[in-house]
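Worksheet: one structure, shown below.
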Amino acid sequence: MTSYSSHLSHKIKYFFTATVAAFLTSKCVSAHEQKLLPTYESETGLKFPESIIDLACLSNTFPSKFKQQSDTPNICTNTTLNNYTEIKQINGLIYDDSDQSFISNTYPSLGIKGFHLKVFEKKELDENKNQYVFIIVRHQEHDSMLTDEMNEMMSLFGPAATVDRQQGNKEVFGASAAASMIRFVRQQLGLDYIPQAIALFNRIQSHYKEKENIKYVFSGFSSGGLYAIVLALYFNWPAITFSATGVEDIVNIYYSDLFADKNKQLKIPPIFNFVHVLDPIPQLDCQLGTLCLYEPENLNQDQQLNKHDLELLHLSTIFGQSDPEIIQWLQQLKQWTCSTADNYNLKYGSCKRERLR
């Protein structure tokens, strides 16, 4: 068990402004942007690419050991965050000042805070008088084997994180059994995050029940994106995520009871996951919805990045030098390719059906 845990820990460890402003206000729309615009804007009701940049900035607002200190002016602080109001008081929810987010507070006496999320309101209504409320789920902040977050990840990604592609996509022996055991214990103790996430969002919906024209959007980075997608599937609202892991096994196998309702199975909300092509984290499980891949110009896809480089690449999506790196990536729209998740899964997916293919 120790060697398995160590191996798994390594595999799933989580972890300018003038140019950007000109880009956002430019009236020139490239052919590549035209390909992305109709689907994204019609399905989400949000502006492209401004809303993606906004959500990346909102994901960056969690206190984090991954944040880099920089004196460089940044668009998130100077521009984007001024357009949003963070909601810190909701009846029945606990807002943790140190983590600056709502928490499920599973076992406070043991210091287990559980699931974390933030709630933001867009200050201005859209042209249809809709009030957008953004639910931002925290990424995996802690990676020690003794932390609640790492055990949650191990329970979900045991098999997917230990796939050996050199040996025919086969998982490491015993990975499924170990992950299932951890998941069973967490479920018995009420520790697993998905029921906690559903309960928190039900409280949020109650908070807004008297208001009209409320539109919810879920978002998050990495494992935060995972839960954003699951919540989107459960409540049928859009999810816009960054380097999120896949969710297919999680939904169809691990939590099939939550999605037994045929309406939930048939309704797939808009899901857009924005990812660097070399980032390995989205390869955990299988993706749903639309995957948008950024491939830098002159990239050598055969280059071998070490584990540290891959981790930095993944983290830089949201925790760059001053701003999320994805803001710079979105200035290069011709380097983006969006397609159905199945195309990505065929090459990279590590859910059960792909491992057995």
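The values are calculated or read from the model by the stated rules, or taken from the named source; none is laboratory data. All values reported here derive from a predicted model rather than from experimental measurement. Cβ sites come from the backbone with ideal geometry, for glycine too, and all protein chains shown count toward neighbours. These area figures cover heavy atoms from the full protein model, side chains too; ligands, DNA and RNA do not enter into them. Shrake-Rupley method; radii C 1.70, N 1.55, O 1.52, S 1.80 Å.
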Among trypsin sites (Lys or Arg not before Pro) in segment 168-213, those in a DSSP loop whose Cβ has at most 13 other Cβ atoms within 10 Å are Lys209, Lys211
Pop out the ³J(HN,Hα) list for segment 207-222 in order, Karplus 6.51 cos²θ - 1.76 cosθ + 1.60 with θ = phi - 60°, rounded to Hz; leave Gly and Pro as x.
4, 9, 5, 8, 9, 9, 6, 7, 10, 9, 9, 9, 8, x, 10, 6
Rounded to 5, percent antiparallel among DSSP beta bridges of segment 149-300
15 percent
So, with +1 on the Cβ of K and R and -1 on the Cβ of D and E, and no other charges, what is the size of the charge dipole of segment 300-350 about its Cα centre, to the nearest 20 debye?
120 debye
Between their Cα atoms, which of Lys65/Lys118; Lys88/Lys211; Lys267/Lys307; Lys47/Lys113; Lys118/Lys211; Lys47/Lys118 are more than 27 Å away from each other?
Lys267/Lys307; Lys47/Lys113
Can you give me the accessible area per residue for segment 245-357, using a 1.4 Å probe, in Å²?
47 Å²
Using the C-alpha atoms of segment 222-357, what convex hull volume per residue, in cubic angstrom, is computed?
119 Å³
In debye to the nearest 20, how big a dipole does segment 79-238 give about its Cα centre with +1 on each Lys and Arg Cβ and -1 on each Asp and Glu Cβ?
300 debye
Rank Phe173, Gln205, Phe157 by how far each Cα sits towards the positive end of the charge dipole of segment 122-207 (+1 on Lys, Arg Cβ; -1 on Asp, Glu Cβ) and give me just the farthest.
Gln205
Taking +1 at the Cβ of each Lys and Arg and -1 at the Cβ of each Asp and Glu, which of Asn236, Phe184, Gly246 sits farthest along the dipole of segment 184-284 towards its positive end, judged by Cα position relative to the Cα centre?
Asn236
Of all DSSP beta bridges in segment 225-357, antiparallel share, percent nearest 5:
35 percent
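Which of the GluC sites (Glu not before Pro) found in segment 129-214 are loop residues per DSSP with 12 or fewer other Cβ atoms within 10 Å of their Cβ?
Passing both the DSSP loop test and the Cβ count: Glu210, Glu212.
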Among Ile268, Leu313, Cys286, the residue whose Cα sits farthest towards the positive end of the charge dipole of segment 259-357, when +1 is placed on the Cβ of each Lys and Arg and -1 on the Cβ of each Asp and Glu, is Ile268
Applying the Karplus parametrisation 6.51 cos²θ - 1.76 cosθ + 1.60 with θ = phi - 60° to the phi angles of segment 324-340, what ³J(HN,Hα) value in whole Hz is obtained for each residue in order, glycine and proline being reported as x?
x, 4, 4, 5, 5, 4, 6, 6, 10, 4, 5, 8, 9, 10, 10, 8, 5
